[in-house]
Amino acid sequence: MPYMRKRERLGDVLLGKKIISEEQLQTALSAQKEKNLMLGEMLVELGYVTQERLNKVLCEHLNIEFVNLRVADIDDSVVDMLDEAIMRKYTLVPYAYVEGSINSINVAMADPMNIFAMDDVNMVTGMQVQPVLADAGDIQAFLDRKFGKQQAQNIVEMYKKEQSALEEDEEDEKARKEEIENAPIVQLVNSIIEQAVRQRASDIHIEPFEDIVRIRYRIDGSLIESITYDKTLFQAIIARLKIMSGMDISEKRKPQDGRITLVVDRREYDIRVSNLPTVYGEKVVMRLASKEGFKKDISELGMSKQDMERFKNILKNPHGIILVTGPTGSGKSTTLYTALSALNTEDVNIITVEDPVEANIDGINQVQTNAKADLTFASALRSILRQDPDIIMIGEIRDSETAEIAVRASITGHLVVSTLHTNSTASSVSRLADMGIEPYLLSDSLVGIIAQRLVKRLCTCKKEDYATEDEKKLLEIPVDKPQIIYRPVGCKMCNNTGYFGRIGIYEIMQISPAIKRVISKNGDASEIKDIAVKEGMHTLKKSAAQCVLEGTTSMDEMIKVTYEVEE
């Protein structure tokens, strides 16, 4: 049955199917006007319906298909029928001729009920529109890829013209200020950040070289070059970023740190900005963090059933120290915030001391360290202990003074959660001992240690293969039996990397009476690890091996993780 135009409104459709209530619809309609969003987007944002459910209802009601634009075969000649402005205005992309017709085109739309958008496309192209549903984010990401380079080139030309005019301006200082705030550069910097968000980047690197400025995005742990710009744009990009992040524009010789809060596609992002002088100019690295990304449920962390039970049991302790360990970028902050969210009830006083505060959580008192005001982890902790806390979160235990206060706080009846940069659970005990904490105090205070890493998740384009003998030995499975594992391939969806997204692997050690005895006797890391394994702890290596056997990740990823944690 061909697509039929229906003037019925989305709200009425969802009401008719009893997916939302009248009260929820009215709330969404009111909020929609304030935020200038489509009704479907507002309903998803309010949590009244999931995006998947909404997509399914729309497709069934309108008798249309859903298309994944990340993997769809897109006909450039069809896309080129429309201007970028129209596609961005209506969030749509014409991408293929309808099969068997030369007068009809398939148009991927975020809102396939928008009849005005279809009429405009029909008028401009002279073609009949056959709508299909697509995610708004995928449409925006496609438009970024399609027009990003051309947009950058246009901005370069506009910038050069403005610069020429500025050189002739007598009021040079005033002109400089106007140059910094000029629209093309504002547009370009916003575009760099928006494209990074839509490509799931965790970091943006802006790197100056002799003749060019290189932009790279860290996606799923790997740096990928996105685009290069003319060097003439460099100073204006840096100046704009300094203004946005609150840095000193005139200081070019010292490293600086700043912070930006930006809304991209209706989601708020907290961006930490670091500036470092290099021989060709100041390199800037921006770390992107979605405030919603930290507010996960424990079930969303990717733990096995056994690990989740251990994690929940550790959180039940009324006092003691819980440590989350791992290198930078291993997801420690997400685990820490998830733990705090689980513990955050009306009858407890939770106070954090962080550098920096990565996400704001309702109901929790968060303190930002400030070296200039002599507000360090240690000095803040002393003040916090006079604030009648039940639970204290320390962003990171960096020195012996902080470690000592944390241990004493835990022994006096507080629950302390913190992070530590160590490779494994057992080595965390040795690290605290090296900081000067007495073994008997450690055995009394520690209640649980979680070591974690992030491994890349194989894309759906993965291929089956048999594990080699060496791989079976690493997986610790019988070498005489065939074992199917999966290897990365590469497709449009994963940008030919073979991987899409990441998943956490965990090593969770509950501090049992037997482990406490070893710690109090100053036992070494291998001794602690042996007892923990006997008591059922899955090591990082075992967790990674399980992910390989389940087809979630590859041998290469497992080797990367286990290489550094082998005792």
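Expressed to the nearest 5 percent, the antiparallel share of DSSP beta bridges inside the chain is 65 percent. Given the C-alpha centroids of region 521-543 and region 302-378, what is the distance between them in whole angstrom? Their Cα centres are 24 Å away from one another.
Of the cross-linked pairs Lys305/Lys481; Lys296/Lys316; Lys462/Lys541; Lys35/Lys146; Lys35/Lys89; Lys462/Lys542, which ones have a Cα-Cα span greater than 20 Å in the structure shown? Exceeds cut-off: Lys305/Lys481; Lys462/Lys541; Lys35/Lys146; Lys462/Lys542. Note on the chain: dipole from Cβ charges, positive end direction compared against Ser333, Val416, Ile74; the farthest Cα belongs to Val416. When all alpha carbon pairs of region 25-147 are counted in 5 Å bins from zero, the resulting P(r) reads 2, 11, 21, 23, 20, 13, 6, 3, 1 %.
Working from Cα pairs under 8 Å separated by at least six residues, relative contact order for the chain is 9 percent. Start at zero, step by 10 Å, and the Cα-Cα distances of region 439-528 spread as 15, 24, 24, 20, 15, 2 percent across the bins. All distinct Cα pairs of region 1-88 go into the 1/r average, and the inverse of that average, the Kirkwood radius, is 15.1 Å. Heavy-atom accessible area per residue, the chain, 1.4 Å probe: how many Å²? Here the residues of the chain average 50 Å² of exposed surface. Of the solvent-accessible surface of the chain, computed with a 1.4 Å probe and all protein chains present, 47% belongs to carbon and sulfur.
With viscosity 1.306 mPa s and temperature 10 °C, the Kirkwood radius over alpha carbon pairs of region 492-567 converts through Stokes-Einstein to a diffusion coefficient of 111 µm²/s. With only Cα atoms counted, region 254-301 has Rg and Dmax values of 14.6, 47 Å. The value obtained for region 363-422, namely the Cα convex hull volume divided by the number of residues, is 93 Å³ per residue. Extending 7 Å from Cα along the Cβ direction at Arg214 and again at Glu22 yields two label points whose distance is 6.2 nm.
Each of Glu401, Glu65 has its accessible area taken with a 1.4 Å probe; listed largest first, they run Glu65, Glu401.
With helices as the sole contributors, the chain gives -12500 deg cm²/dmol at 222 nm; each DSSP H run of n ≥ 4 counts as -39500 (n - 2.57), and the sum is divided by every residue. Across the options Ala134, Ser299, Pro488, the greatest Cα extent toward the positive end of the charge dipole of the chain (unit charges at beta carbon of Lys, Arg, Asp, Glu) belongs to Ser299. Over region 352-394, the Kirkwood radius and the radius of gyration, each from Cα atoms, give a ratio Rg/Rh of 0.94. When +1 charges are put on Lys and Arg Cβ atoms and -1 charges on Asp and Glu Cβ atoms, the dipole computed for the chain relative to its Cα centre reaches about 1200 debye. Taking the centroid of alpha carbons for each part, region 188-204 and region 465-519 are 31 Å apart.
Normalised Debye scattering of the chain at q = 0.09 Å⁻¹ gives log10 I(q)/I(0) of -0.88, counting only Cα atoms as equal scatterers and leaving out solvent. Each residue was assigned an accessible area with a 1.4 Å probe, and for Phe209 the value is about 80 Å². By the Cβ distance rule (another cysteine Cβ under 4.7 Å), the unpaired cysteines of the chain are Cys59, Cys547. For region 388-510, a simple Cβ point-charge model (Lys and Arg +1, Asp and Glu -1, everything else neutral) yields a dipole of about 960 debye relative to the Cα centre. Modelled label positions at Gln51 and Glu84, each set 7 Å beyond Cα in the direction of Cβ, lie 2.3 nm from each other.
The values are calculated or read from the model by the stated rules, or taken from the named source; none is laboratory data. Because the structure is a prediction, the values reported are computed rather than measured. So basically every Cβ, Gly included, is an ideal-geometry build from the backbone, and we count neighbours across all protein chains shown. What goes into the accessible areas is simple: the full protein's heavy atoms, side chains included, and nothing from ligands, DNA or RNA. Shrake-Rupley method; radii C 1.70, N 1.55, O 1.52, S 1.80 Å.
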